[in-house]
Amino acid sequence: QVQLQESGPGLVKPSQTLSLTCTVSGGSITTNYYYWNWIRQPPGKGLEWIGRIGYSGTTHYSPSLKSRTSISRDTSKNQFTLQLSSVTPEDTAVYYCALRTTVPGTRPVDFGSWGQGTQVTVSS
């Protein structure tokens, strides 16, 4: 069973960079066809996909956040990270990391494994 755990500061000042780490257990982040995602939910709003890093290290980002987003990984620690720069109060949200598996030639499936989420507040 794959388990994911978010960690990082819960309070970030405006204009600074939000940094979160997702630690994975029960599975390798380099396993073929595993895609590791960051998703967030602002208060009172729906889920918003931020981006992902694939098993080979390739990244993709939401167009609305691409200019401010960087996702990376540390395979030796089985971790992947989110950095969101130039944050504003509108970036306040619960941030989740989540796994989706997509085998070539198959339809995308719902995210199967989620972290518990971590609250990040942007405020001075």
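The values are calculated or read from the model by the stated rules, or taken from the named source; none is laboratory data. Not measured: the values here are computed from a predicted model. Glycine also receives a Cβ, built like all others from the backbone with ideal geometry; neighbour counts cover every protein chain displayed. Note: accessible area is taken over every heavy atom of the protein model, side chains too, but ligands, DNA and RNA are not part of it. Shrake-Rupley method; radii C 1.70, N 1.55, O 1.52, S 1.80 Å.
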Only Cα pairs within less than 10 Å get springs; with that Gaussian network setup on the chain, which residue of Ser64, Ser72, Ser25 has the largest fluctuation?
Ser64
At 1.4 Å probe size, with every protein chain present, just tell me what the per residue accessible area of the stretch 1-71 comes to in Å².
52 Å²
Alpha carbons only, please: Rg and Dmax for the chain, in angstrom.
13.9, 48
Taking the Cα centre of the chain as the origin, how large is its charge dipole in debye, to the nearest 20, when only Lys and Arg (+1) and Asp and Glu (-1) carry charge on their Cβ atoms?
160 debye
Taking the alpha-carbon centre of each part, the distance from the stretch 60-77 to the stretch 106-124 in Å is 14 Å
What FRET efficiency would be calculated for the residue pair Ser124, Ser56, taking the C-beta separation as r and a Förster radius of 41 Å, to the nearest 0.05?
0.55
Can you find, among Thr59, Leu20, Thr118, the residue farthest towards the positive end of the dipole of the chain? Put +1 on the C-beta of Lys and Arg, -1 on that of Asp and Glu.
Thr59
